[in-house]
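Chemist: My questions all concern the structure below.
Throughout, read-outs are computed from the coordinates displayed, never taken from laboratory work. Keep in mind that what you see is a predicted model, and the values were worked out from it rather than measured. Because the Cβ atoms are built from the backbone with ideal geometry, glycine has one as well, and the counts that use them run over all protein chains shown.
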Amino acid sequence: MAKRKPKKNIKDTTSAVRVTSTRKEETTQQEKKTMVPLAAVALVFAVSVAPLTAQVSTSGHHKHLALKMDEAHLTVKNDLDTEVVVSWMSQRCYQCLYQKLGVVPAGPSPGQPSSVDFVVGTQHEITLQLNSTLVSMELCKVPFHFGEHGNYSVWVQNLNNSSLVKCSVSTDADPVNSYIPILVAFVVFAGLVLVFAVGRKILGLGVVRGLVQRFGGSLETERLINSELGSPRMVPPATDNILPPPPSPSKRLRSLDTFRGISLIIMVFVNYGGGRYWFFRHESWNGLTVADLVFPWFVFIMGTSIALSINSMLRAGTTRRSLLRKVVWRSIQLFIIGVFVINPNYCQGALSWDNLRIPGVLQRLAWSYLVVACLDLLVARGQVDILTTDPWWSPGLDILLYWPAWLCVLLLEVIWLCLTFLLPVPDCPTGYLGPGGIGDMGLYANCTGGAAGFIDRWLLGENHIYQTPSSRVIYGTHMPYDPEGVLGSINSVLMAFLGLQAGKIILHYRDLHRSIMSRFLIWGLFLGVISAALTKCSTDQGFIPVNKNLWSLSYVTTLACFAFVLLVLIYYTVDVKKWWSGAPFYYPGMNSILVYVGHEVFEDYFPFRWRMANSQSHTEHLIQNLVATSCWVMISYVLYRKKIFWKI
């Protein structure tokens, strides 16, 4: 996706932008240069946001300003006889206050404007507001999407010596296209896929195959031990790694491991930085980016595997009590591993309880796994009948057969709705779903997350939850908030349970590929309609916006809709038509816990990270992150070939 040339009708959500300014008075005699200390420095790379401030620099011209990643140079030229206050607001910031950028002094004389140089962010669209300091009157607003490393000027002038003020934007130097590295990376990986596909075709020729077999070859083992969060085998359905696999042979669904591997690899890539592109980072509040897709998908496919594996264990004669013990023990292990992984001093000595973060990714997986596996043990059947499609009521059978579990999940959702919209939160409006900070005109600065944030801070304590939430990027929040908090865990159970429903469909319609795919698509359509109703097809105007931080109900229904559709595509190409083996995603999907824990523990070690020649380059960050992610794919492939799998 290439960034177009800047126009006046574009959008920007700058994230904590570093701003410096150079004041120049263009007199006929000489330029006066002055310097004052920094007024404020905001973090870059969309990590946090703060009110933009200006600083006078010794630089006499903007070409000397050192621009960092996702920054552009802006010169504001004031030809008025009064000072002008420049403020900014991100277009992605819903109902936000304008943040002061700086002050441009009045021109020394007619035709000789004064100017101030600023450094502004380029990740998203911003609106510049220019006010007169004398009467605090708005002169004009300028929405603009600045391009990375571009040079721009904003002229503030009187129209024909009248009281009307004109603000115009000009591009002094074209920006660079920061998306070219992504295009190059895509072409390289597409070329590798093409070479691999052609190579397989050549190896499939009779003559070549005969030569290969003559000199020795190896057959790929299709019967593997279980993957981490449940093993996707058909009936005779799969065995989960809750227990050792039964001795009878079974047919493995490669599409489920492939789906899990896709989610995992994208998760690893975005956790490593995603080339420092904004769309590979979590959305600041409402809305979706690529980074927001993968964790719910991972939870979804875990639920699918639970259905298949528990059915397999029951068919093998394992008692429900024994399975329950295994489920509880496995959940405890996942939770403990998660606590060690997310606290960075796990390898530097004893953990300190004072600032130990409790919620996390593996902790939420453990909770979702525990609840959904217990619900399935409550209603699962050892002998599953294949449902026919003849009676008119048959489409609802895969739900009606498990109505007690559905009733429990619906009850949990009622609890989530009541707590979210009815729980009184001190100094905050009841039912508040906003980010706080400068959002909602700054009225609820300490209300980040509403009831969800309040419950976490009350139950766990401020020091035991995430300290730098993504809401800081746009909304400048300062309250701790954990996206893997307690209240959102209820909806993660719903996500896993919808995945469980996908597993039930596979069980009841086994070998009826058309019925399986049609049921998946019906569920995807149904959940999509619910999402459209909850959000009113908008980012911020709906009843319940799509929000990853809150794990809102619409977020779960939207991502589950995507998951059902994606699973149809993968199931059709991998298990039905066998056009694709699932490689390379299949291999990390078979060793998901090892890859996830490993990428977290060894994140700062070579070859996953090294000192870059230019840390302000998207290209270098993208190369480093792609190499690191590819290393984990290779590691999982080697482990697959060696039949080494980490199960808990």
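Chemist: Within a 10 angstrom radius of the beta carbon, how do W458, W285, W406 rank from fewest other beta carbons to most?
Modeler: Ordered from fewest to most neighbouring Cβ atoms within 10 Å, W458, W285, W406 come out as W458, W406, W285.
Chemist: Quick one: order F196, F585 by neighbouring beta-carbon count within 10 Å, fewest to most. Present the calculation step by step, with values, prior to reporting the outcome.
Modeler: Numbers: F196 12, F585 24.
The order, fewest Cβ neighbours first, is F196, F585.
Chemist: How far apart, in nanometres, would the label points at L459 and N355 be if each is projected 7 angstrom from Cα along the Cα-to-Cβ direction?
Modeler: Simple spin-label model gives 2.5 nm for this pair.
Chemist: Further question on the same structure: Run through all the Cα pairs of segment 556-648 and give the fraction in each 10 Å bin from 0, expressed as whole percent.
Modeler: 14, 31, 34, 19, 2
Chemist: On to the next question. Sorting check: for 473-482, 438-447, which peptide has the highest mean count of neighbouring beta carbons within 10 Å, and how do the rest follow? Intermediate results must be reported in sequence, preceding the final value.
Modeler: Details: 473-482: 25.1, 438-447: 18.2.
In descending order of packing, they fall as 473-482, 438-447.
Chemist: Within 10 Å of each residue's Cβ, count the other Cβ atoms and sort L566, L622, L423 from fewest upward.
Modeler: Final ranking by Cβ density, sparse to dense: L423, L566, L622.
Chemist: Here's something else I'd like to know. Let's test the formula: R0 of 41 Å, r as the Cβ-Cβ distance of W646 and K68. What FRET efficiency results, to the nearest 0.05?
Modeler: Working from the Cβ atoms, E equals 0.55.
Chemist: A further question follows. Please work out how much length the chain gains when fully extended from F186 to I522, using 0.36 nm per residue of separation minus the C-alpha to C-alpha distance, in nm with one decimal.
Modeler: 117.7 nm
Chemist: Taking 21 Å as the cut-off for C-alpha to C-alpha distance, list the pairs among K141/K166; K504/K642; K326/K647; K77/K100; K201/K578 that go past it.
Modeler: Cα-Cα > 21 Å for K504/K642; rest within.
Chemist: I'd like the projected area of segment 276-353, averaged over all directions, using the convex hull of its alpha carbons. Report it in nm² with one decimal.
Modeler: 8.6 nm²
Chemist: log10 I(q)/I(0), Debye, Cα-only segment 489-544, no solvent, q = 0.13, 0.19, 0.23 Å⁻¹?
Modeler: So the normalised log intensities are -0.44, -0.77, -0.92.
Chemist: Once label points are set 7 Å from the Cα along Cα→Cβ at both K577 and I202, what is their separation, rounded to one decimal in nm?
Modeler: About 2.5 nm separates the two model spin labels.
Chemist: At R0 = 30 Å, how high is the FRET efficiency between M137 and S170 if r is their beta carbon distance? Nearest 0.05 is fine. Show your work: numbers first, answer last.
Modeler: On the way: r = 24 Å, r/R0 = 0.81.
My answer for the efficiency is 0.80.
Chemist: Then there's this: Farthest toward the dipole's positive end in segment 254-641, which of Y640, L288, S630, given Cβ charges of +1 (Lys, Arg) and -1 (Asp, Glu) about the Cα centre?
Modeler: Of the options given, the answer is Y640.
Chemist: How many nm is it between the label spots at L211 and H478, if each spot is 7 Å from the Cα in line with the beta carbon?
Modeler: Each label point is offset 7 Å from its Cα along the Cβ direction, giving 7.1 nm.
Chemist: Can I ask one more? Specify, per residue and in Å³, the volume enclosed by the convex hull of the alpha carbon atoms belonging to segment 254-641. Display every interim value, and only then the final one.
Modeler: Working: hull volume 60.6 nm³, N = 388.
Cα-based convex hull of segment 254-641, divided per residue, equals 156 Å³.
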